[in-house]
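Working notes, structure below.
The values are calculated or read from the model by the stated rules, or taken from the named source; none is laboratory data. Everything numeric here is computed off the predicted structure, so don't read it as measured data. Methodologically, a virtual Cβ is constructed for each residue, glycine included, from the backbone with ideal geometry; neighbour enumeration extends over all protein chains shown. These area figures cover heavy atoms from the full protein model, side chains too; ligands, DNA and RNA do not enter into them. Shrake-Rupley method; radii C 1.70, N 1.55, O 1.52, S 1.80 Å.
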Amino acid sequence: MIAGSVFDALTEFKDWQGAKICVALSQGTPWVLTVRADLPAERGDVRALRGLTFTAAEGPDLAFKQMLRSGGLDPENDLSIIDLPGAKERDVSFGVFAAEALTEGKIDGYWSNAMGAETAVSRGVGKIHVDVRRGDDPGDVRFATCLLYTSDAADEED
């Protein structure tokens, strides 16, 4: 059994295959999807993201990809998820850095915490497209941020 963030579980169990979630240690994932303010799409419409370019921090990107799959998109083929050069530097706040990239037109959106999202929203260059905390996501990503989980293999050991 392991206790950790949702992206720890998704690192070990792609698409939750083979994982058994025993307990959600907290509720309400903190990530939101911020997109260009001029994107003509209804909030929560994941399919409207097809063909666009996004960024997400390493780790939370796994939850982002899971959310996209739940919405009917293939994150490997239906859109681009890129790394932003410099985003992994020690003194960089990912959400603020991504908001700057959105402002500069380098990306169409980003997956970050609400503080990062607010940076683009308050500048007028971004809008919230999916707020997992508010139930906008199409699947089950909203239900847990920290989990106690085990694998199907644990049943075989009994």
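Taking the conditions (1) in contact (Cβ under 8 Å) with a residue 12 or more places away in the chain; (2) surrounded by fewer than 14 Cβ atoms within 10 Å (Cβ to Cβ) in turn, residue 38 satisfies each one other than (1).
Those helices (runs of 4 or more DSSP H) of the range 23-142 in which 3 or more residues are touching a strand residue (DSSP E or B) at 6+ places or on another chain (Cβ under 6 Å) and farther than 22 Å from residue 13 by Cα occupy 94-103, 114-123. Of all residues in the range 61-96, those satisfying the criterion of being open to solvent by less than 20 Å² (accessible area, probe 1.4 Å) and in contact (Cβ under 8 Å) with a residue 40 or more places away in the chain are 63, 64, 66, 67, 71. Given 68, 25, 52, which one is in contact with a helix residue (DSSP H, G or I) (Cβ under 9 Å, 6 or more places away or on another chain) and either modelled with pLDDT under 85 or not small (Gly, Ala, Ser) (or both)? One residue alone meets the criteria, 68.
Looking only at residues of the range 101-148 that are open to solvent by 10 Å² or more (accessible area, probe 1.4 Å) and of a type in the set (Ser, Thr, Tyr), we find that the one that is modelled with the lowest pLDDT is 145.
Comparison of 16, 31 shows that the only residue that is modelled with pLDDT of 70 or more, surrounded by 13 or more Cβ atoms within 10 Å (Cβ to Cβ) and closer than 21 Å to residue 72 by Cβ is 31.
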